[in-house]
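Each reported figure results from applying straightforward, stated rules to the coordinates on display, with no laboratory input. Just so it is clear, the structure is predicted and the values come from calculations on it, not from any experiment. Virtual Cβ from ideal backbone geometry, glycine too; neighbours counted across all protein chains shown.
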Amino acid sequence: MDTRELICIGCPMGCRMTVNMDKGQVHSVSGNTCKRGDAYARKEVTNPTRIVTSTVRVEGGVLPVVSVKTREDIPKGKIFACMEALAKVTVQAPVAIGDVVLPDAAGTGVDVVATKNVVEA
Amino acid sequence: MKRYDIVIIGGGPAGLAAALAAREQGIHEVLILERDRELGGILNQCIHNGFGLHTFQEELTGPEYAARFIQRVKDARIEYQLSTMVLNISPEKIVTAMNREEGLFEIEAGAVVLAMGCRERSRGALNIPGYRPAGIFSAGTAQRLVNMEGCLPGREVVILGSGDIGLIMARRMTLEGAKVKVVAELMPYSGGLKRNIVQCLDDYGIPLKLSHTVVDIQGRERVEGVTIAQVGADRRPIPGTEEHYTCDTLLLSCGLIPENELSRELGVMISPVTAGPVVNESLETSIPGVFACGNVLHVHDLVDFVSQEAASAGAAAAEYVKQRPGEDAEVTLPVKGKGGVRYTVPSMIRPGRMQEEQVIRFRVGDVYRNQYISLYVGDERLIHRKRPVMAPGEMEELKVTREQLSGCPEGTELLVVIEDK
Ligand SMILES: Cc1cc2nc3c(=O)[nH]c(=O)nc-3n(C[C@H](O)[C@H](O)[C@H](O)COP(=O)(O)OP(=O)(O)OC[C@H]3O[C@@H](n4cnc5c(N)ncnc54)[C@H](O)[C@@H]3O)c2cc1C
Ligand code: SF4
């Protein structure tokens, strides 16, 4: 049986977890405080993903940029493709939390949404 | 002069949660004063995710977390004034503030809640001779530039200090196309959350050099490069370990310090360890009716705990306004940290005033593995809990109940200690 040491990134508690692997399959997870840790560990050893946060330009708003995030986590390997796609996006004020600023980011099937309200200037 | 039952200084997560709790306790005349153009405090520039898992059971970004509390404050019709800077608080609780519309004005407060947050340690932290060319920023300034103004302060970056803002900015600038060459940390451990080291450095292959510092900065007009060197146990550079990095930007992430100019002028007793006010179980400072919470009290890593702490402060302020308790001699138990426990909040508990359950928050001064955290009340060990890892970057907490402390004679010491068995 193989073991892998991981730090859960599910929240800032950063629990240290040990994953026991058996023939490429997750056998057990320990060290997590909540069930998100368990889910993260299983995914991290098989298909690592991350939520990406950034900003996109806003026209006609009280702020020049609005913060955004991928609505769900996307494969780690797609992070830079997602950033490149976001660099081309400009939105019009007003923007509300949850508004889609980029649908299906970099072919991941995940939308990028606004995380801040920006009213018109 | 206008009068409010409770005036809250600062509209960050601490101020918002304190206001809501005070209102829940039935206090109507609550006013938040915020110097920025919007509520939400530092969260507005923390666009990364990782906020609110404990409060909302979902992972939010900073602005989203702030928006939830701002909405609640608006729904509760709590008054707030933006772009309003508080300049002075008198011991009689007269708050002097200034804004464009009203100029200088005074407000009389029944109780005051200090929620001014913290600021970054200044460049003095960079203890090296020579020029200060352009291209040296505090990590928080860089965060504001990138996340709120939309401009990237540089392309090739070295970061000194592994505090959370530095780690977060290492990732942020990498994603924006900059090359972050190295993060150098003076101490043998990182001051940031483990999770940020994994997510912000390891994910992008950015090296973290512990026990290293910047010994030279090249460039007169603009930074052209920096030299870092390893430091010994005395934290002095070891000759011969110098490494050179070309870069146009040096970010400093050397820690946060509570913003207590107002509190000092007011005459509130300040702890030399936390640089925040000394408080009792009600989070009340040495001046009756003046409460403190959030990063102005002690620097927090988790906003959820800021909100919890602030809610207690808001409720205690409400209690104060309702009862105006006299200063009658009450049993007071000092709370102290020893053996690796750097400080505790609160510094004293009056069992007669505490809630059913009291949280004692503290930080340790080093990395401890497989040690026990204990609470002694007098000679009796009340709590004894094994902790696999404790680190200076992560706040710890213990809970005591009123029942456990009832009957303690005056002056009984509560001691939080780290023990190996
Ligand atoms: C870079 C960074 C990353 C973080 N990451 C996370 C994370 O991933 N997860 C997490 O849970 N927590 C995180 N935190 C911690 C959390 O955001 C903070 O602990 C929290 O915002 C502190 O709240 P506060 O209200 O005490 O202070 P602040 O948010 O700083 O608010 C203080 C407010 O007071 C105002 N003020 C100050 N002085 C005056 C004055 N004289 N008059 C009027 N107003 C005044 C300021 O303008 C400000 O709005 C992070 C913090 C930082 C800095
Ligand atoms: S296991 Fe749960 S509590 Fe621990 S870091 Fe992961 S999400 Fe946070």
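Among B:Pro351, B:Gly62, A:Met21, which residue has its Cα positioned farthest towards the positive end of the charge dipole of the protein assembly as shown, with +1 placed on the Cβ of Lys and Arg, -1 on the Cβ of Asp and Glu, and the dipole taken about the Cα centre?
A:Met21
What 222 nm value per residue comes from the helices of chain B, counting each DSSP H run with n ≥ 4 as -39,500 (n - 2.57) and dividing by all residues, nearest 500 deg cm²/dmol?
Computed ellipticity for chain B at 222 nm equals -5500 deg cm²/dmol.
Give me the tail of P(r) for segment A:2-47 as a percent: Cα-Cα pairs with distance above 12 Å.
50 percent
Ratio to report: Rg/Rh of segment B:283-349, with Cα atoms as the point set and Rh obtained by the Kirkwood method; give two decimals.
Radius of gyration over Kirkwood radius for segment B:283-349 works out to 1.00.
Indicate, rounded to the nearest 5 percent, the antiparallel portion of the DSSP beta bridges found entirely in chain B.
Of all bridge pairs located within chain B, approximately 60 percent are antiparallel.
About the Cα centre, and with charges only on the beta carbon of Lys, Arg (+1) and Asp, Glu (-1), how big is the dipole of chain A? Nearest 20 debye, please.
Computed about the Cα centre, the dipole is about 280 debye.
Based on the Cβ-Cβ distance from B:Glu224 to A:Ala87, what FRET efficiency comes out when R0 is 25 Å, to the nearest 0.05? Don't skip to the end; give the middle numbers.
Working: r = 27 Å, r/R0 = 1.10.
In this case the efficiency is close to 0.35.
In segment B:122-254, what % of DSSP beta bridges are antiparallel (nearest 5)?
On the way: 11 of 27 bridges.
Bridges in segment B:122-254 are about 40 percent antiparallel.
What's the FRET efficiency of B:Lys74 with B:Ala134 using the Cβ-Cβ distance as r and R₀ = 51 Å, to the nearest 0.05?
Once the sixth-power term is evaluated, E becomes 0.80.
If you take all C-alpha pairs in the protein assembly as shown, what percent of them are over 44 Å apart?
Counting pairs separated by more than 44 Å, the tail of P(r) holds 18 percent.
So for segment B:122-254, what are the equivalent ellipsoid semi-axes in whole Å, largest first, each being the square root of 5 times an eigenvalue of the Cα gyration tensor? It would help to have the intermediate numbers written out before the result.
Values: eigenvalues 88, 66, 31 Å².
Value: 21, 18, 12 Å, ordered largest first.
Mean shadow of segment B:1-157, computed from the convex hull of its alpha carbons, in nm²?
Its Cα hull, projected and averaged over all orientations, spans 12.5 nm².
How much FRET efficiency would the formula 1/(1 + (r/R0)^6) give for B:Asp379 and B:Glu261, where r is the Cβ-Cβ distance and R0 is 45 Å, rounded to 0.05?
0.60
Would you mind giving the mean number of other chain beta-carbons within 10 Å of the Cβ of each residue in A:95-102, as a whole number? Don't skip to the answer; put the middle values down first.
Details: counts 0, 1, 7, 1, 0, 0, 0, 0.
Per residue, the number of nearby Cβ atoms from other chains is 1 on average.
DSSP loop trypsin sites (Lys or Arg not before Pro) in segment B:69-162 with at most 14 other Cβ atoms within 10 Å of their Cβ, which ones?
Details: sites: B:Arg72, B:Lys74, B:Arg77, B:Lys93, B:Arg100, B:Arg119, B:Arg121, B:Arg123, B:Arg144, B:Arg155; in loops: B:Arg77, B:Lys93, B:Arg100, B:Arg121, B:Arg155.
Here the sparse-neighbourhood loop sites are B:Arg77, B:Arg100, B:Arg155.
Pull up the DSSP beta bridges for the protein assembly as shown and report the antiparallel fraction as a percent, rounded to 5. Please report the intermediate quantities before stating the final value.
Working: 80 of 121 bridges.
That works out to approximately 65 percent antiparallel.
Sort A:Leu86, B:Leu382 by Cβ crowding within 10 Å, fewest neighbours at the top. Intermediate values should be presented prior to the final figure.
Working: A:Leu86 21, B:Leu382 16.
Least to most surrounded, the residues fall as B:Leu382, A:Leu86.
Using DSSP loop states and a limit of at most 13 other Cβ atoms within 10 Å to flag GluC sites (Glu not before Pro), what is the longest stretch of chain B containing no flagged site?
Between the exposed loop sites, the longest stretch runs B:103-220.
Helix by helix, which DSSP H runs in chain B go 18 Å or more along their axis at the Cα atoms and have an average Kyte-Doolittle hydropathy of -1.0 or more?
B:62-75, B:303-323
Can I get the semi-axes of segment A:53-114's equivalent ellipsoid? Compute them from the C-alpha gyration tensor as square roots of 5 times the eigenvalues, in angstrom, largest first.
20, 11, 9
Using only alpha carbon pairs under 8 Å that are at least six residues apart, calculate the relative contact order of chain B and give it in whole percent.
Across chain B, relative contact order equals 15 percent.
Using a 10 Å cut-off around each Cβ, can you sort B:Val113, B:Val198, B:Val299, B:Val416 from fewest to most neighbouring Cβ atoms? Present the calculation step by step, with values, prior to reporting the outcome.
Details: B:Val113 32, B:Val198 17, B:Val299 20, B:Val416 24.
The fewest-first ordering by Cβ neighbours comes to B:Val198, B:Val299, B:Val416, B:Val113.
For chain B, what is one quarter of the convex hull surface built on the Cα atoms, given in nm²?
21.8 nm²
List the relative contact order of segment A:53-114 as a percent without decimals, with contacts defined as Cα pairs under 8 Å and 6+ residues apart.
38 percent.
Using only the alpha carbon atoms of segment B:243-371, find the Kirkwood hydrodynamic radius as the inverse mean reciprocal pair distance, in angstroms to one decimal.
Answer for segment B:243-371: a Kirkwood hydrodynamic radius of 16.4 Å.
Over the Cα atoms, compute the radius of gyration (one decimal) and Dmax (the largest Cα-Cα distance, rounded to a whole number) for chain A, in Å.
18.0, 60
Under the definition of partner shielding as Cβ atoms of other protein chains within 10 Å of a residue Cβ, what is the mean value for peptide B:64-72?
2
Hey, got the dipole for segment B:122-254? About the Cα centre, +1 on K and R Cβ, -1 on D and E Cβ, debye to the nearest 20?
My answer is approximately 220 debye.
I want to verify the translational diffusion coefficient of segment B:327-421 in µm²/s; compute it with Stokes-Einstein, Rh as the Kirkwood radius over Cα pairs, at 10 °C and 1.306 mPa s.
My calculation gives 117 µm²/s for D.
How much net charge surrounds B:Ser406 when only other residues with a Cβ under 14 Å from its Cβ are counted (Lys, Arg +1; Asp, Glu -1)?
-4
Arranged by the count of other C-beta atoms within 10 angstrom, fewest first, what order do B:Asp248, B:Asp216, B:Asp234 take?
B:Asp234, B:Asp216, B:Asp248
Give the cross-link partners of B:Lys322 among the lysines, using a straight C-alpha distance below 21 Å as the criterion and excluding same-chain residues fewer than 8 apart.
B:Lys2, B:Lys93
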